Amino acid sequence: MRTLLCTLGFTLALLAAAPAHAQFANRSLGVSLGYMDFNDTRGLDNSMFVGIDASLYIENGFEVVSLSKITFPRDTTSRDQKRVVGLAPSIGIRYLLMEESIRPYVGSDLSYLVVFKNNVSNFVGIGPNAGVDFFVSDSVSIGARAQYNFYIALNEETQNTLTLSLGAAAYF
């Protein structure tokens, strides 16, 4: 009788228990290393960059993302082709095609490019991006990203850049 009561009590407890809900980490902060192909934008050569990226999950697979890059391309218009400083912060939105441990995404960014040479060059850009993140633990991911930007500036032709990067992010 005692075994029957214990079994019945255990069964009722299992049936009455609420389903488990995993806590979804909706913010991330990471670093990335990449390559920018400037396509001779204002005489800039191709260059590597270091970036800091962040994301905030909104809802239904959408995230607000930011990637700020610093790069040191060569200025091909100067005689000595010295290195210059380029800063390229961006903000955008992306849609996660899957929300599992592998997360492919597509998105679009609004970006700004400022290049410090003898004179300062400013560009505003927009462009699509795509990438994939692989979670190596519950809160750490590594990923790859490709982005194509169209930059405009007053009294300038439309410029474009291709950016490829690898990164790691911590979710919290």
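The values are calculated or read from the model by the stated rules, or taken from the named source; none is laboratory data. Note that the coordinates shown come from a computational prediction; the quantities given were computed from them, not determined experimentally. Here the Cβ is made from the backbone with ideal geometry for all residues, glycine too, and neighbour counts use every protein chain on show. These area figures cover heavy atoms from the full protein model, side chains too; ligands, DNA and RNA do not enter into them. Shrake-Rupley method; radii C 1.70, N 1.55, O 1.52, S 1.80 Å.
Details
- Extension gain for ILE126-ASN60 works out to 21.4 nm (0.36 nm per residue, less the C-alpha to C-alpha distance).
- A 1.4 Å probe run over the range 80-163, with the rest of the protein chains in place, finds 54 Å² accessible per residue.
- Net length gained if the chain between TYR95 and ASP37 were fully extended (0.36 nm per residue, minus Cα distance): 18.4 nm
- Full extension of the segment from ASN119 to ILE152, taken as 0.36 nm per residue of separation minus the current Cα-Cα distance, would add 10.2 nm.
- The range 73-172, accessible surface, carbon-and-sulfur percent (1.4 angstrom probe): 62
- Taking label points 7 Å from Cα along the Cα-to-Cβ direction, ILE52 and ASP80 give a separation of 3.1 nm.
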